[in-house]
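A.B. asks: Please see the structure below; I have some questions.
The values are calculated or read from the model by the stated rules, or taken from the named source; none is laboratory data. In this text, all values refer to a predicted model and were calculated from it rather than measured experimentally. Counting neighbours? That spans all protein chains shown, and the Cβs are built from the backbone with ideal geometry, glycine included. For accessibility, only protein heavy atoms count, side chains too; no ligands or nucleic acids. Shrake-Rupley method; radii C 1.70, N 1.55, O 1.52, S 1.80 Å.
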Amino acid sequence: MPQRATIIAPSILSADFAKLGEEGEAVQAAGADWLHVDVMDGHFVPNITIGPEVVKAIKPHVTIPVDVHLMISPVDPYLEAFRDAGADHLLIHPEAGPHLNRSLRHIRKLGAKAGVVFNPSTDPSVIRWMMDDVDQVLVMSINPGFGGQTFMPSQLAKISALRAMIDETGRDIPLEVDGGVTPETAKLCVEAGATALVAGTAVFRGGPMAYAANIAALRGA
Ligand code: DX5
Ligand code: ZN
């Protein structure tokens with residue numbers, strides 16, 4: 001596999017929600033490559049976070065891609081609103097709609113990158129016959145819903161399996177990992193083939209003065 005710099009995507013779920021714009025600016029200045037935004041509906045996952053209006057408010061504060069992780073069901077009726085709000089990547093769970101392929105094509109038609117997210121129990125084979133329609137892949141290394149959970153080593157084999165599936169396409173599809181990513185677990189993810197790391201707790205701990213060192217520690221892994 002060609003060696004490339006790992007993409008670091010801080011999750012604003014661990015930021016200070018009273019100043020999300022400033023927090024986005026701070027992690028960007030500290031070296032973040034993407035800004036990961038966790039959207040939860042209290043139905044698909046047992047937590048409620050933010051909607052398109054909040055993405056719209058954050059967007060002008062950053063120039064890095066806004067990586068929107070949709071943990072909502074049904075997801076289809078909201079794709080356009082999140083795209084209009086400024087999402088550059090729209091990541092959806094196969095369980096969040098009846099036709100994954102139709103949803104991915106819709107995302108591309110809206111002009112965003114179309115990503116698929118795998119819960120710990122979801123098998124990567126759901127995208128095997130539609131790799132041409134996938135721009136990005138995200139492996140959850142926790143059950144979605146909350147930050148600060150412990151990394152599940154069982155997902156490392158899935159990262160490797162998806163690495164092989166992506167390599168077969170010959171396309172440079174980012175392989176992202178989300179949940180419990182620390183400098184220690186980041187190393188395992190990158191060794192398994194991950195090229196992008198989402199981290200909430202590990203980036204935002206210690207406050208703005210610590211962001212650059214926190215991001216560098218993850219990238220160094
Ligand atoms: C959880 C979210 C994650 C979360 C990660 O459902 O998808 O992005 O913010 O948080 P940490 O890095 O603290 O595990
Ligand atoms: Zn996420």
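A.B. asks: What tally of residues in region 1-19 results from selecting those that are under 21 Å from GLU176 (Cβ atoms) and open to solvent by 10 Å² or more (accessible area, probe 1.4 Å)?
C.D. replies: Selection size over region 1-19: 10.
A.B. asks: Still on this structure, I have one more. For region 195-210, enumerate the residues that are open to solvent by less than 30 Å² (accessible area, probe 1.4 Å) and either within 14 Å of ligand 1 (Cβ to nearest atom) or among the acidic types (Asp, Glu) (or both).
C.D. replies: Hits for region 195-210 are ALA196, LEU197, VAL198, ALA199, GLY200, ALA202, VAL203, PHE204.
A.B. asks: Restricting region 122-140 to residues that are over 16 Å from ILE7 (Cβ atoms) and within 16 Å of ligand 2 (Cβ to nearest atom), which is farthest from the chain's Cα centre (by Cα)?
C.D. replies: So the residue we want is THR122.
So that you can scan it fast, the table gives a plain yes or no per residue for (1) closer than 30 Å to ARG102 by Cβ; (2) of a type in the set (Gly, Ala, Ser); (3) at pLDDT below 95:
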| site | (1), (2), (3) |
| --- | --- |
| GLU168 | yes, no, no |
| LEU175 | yes, no, no |
| LYS187 | no, no, no |
| ALA194 | yes, yes, no |
| GLY200 | no, yes, no |
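A.B. asks: What residue, among those in region 167-194 that are part of a loop (DSSP other than H, G, I, E, B) and open to solvent by 20 Å² or more (accessible area, probe 1.4 Å), is nearest to ligand 1 (Cβ to nearest atom)?
C.D. replies: Looking at the filtered set, the residue picked out is GLY180.
A.B. asks: For ALA9, are the conditions met, namely being without any contact (Cβ under 8 Å) to a residue 60 or more places away in the chain, touching an Asp or Glu at 6+ places or on another chain (Cβ under 6 Å) and not in a helix (DSSP H, G or I)?
C.D. replies: no
A.B. asks: Let me ask something else. Note down all Cβ pairs under 9 Å where the first residue falls in region 124-137 and is farther than 23 Å from ALA87 by Cα, the second is part of a helix (DSSP H, G or I) and open to solvent by less than 10 Å² (accessible area, probe 1.4 Å), and they're at least six residues apart or on different chains.
C.D. replies: Final answer for the pair search is PRO124/LEU162.
A.B. asks: Please go through region 148-166 and give me each residue that is surrounded by 17 or more Cβ atoms within 10 Å (Cβ to Cβ) and assigned to a loop (DSSP other than H, G, I, E, B), ordered by number.
C.D. replies: Result: PHE151, MET152.
A.B. asks: Can you say whether GLY206 is of a type outside the set (Asp, Glu) and modelled with pLDDT under 95, as far as the supplied structure shows?
C.D. replies: So GLY206 fails the test.
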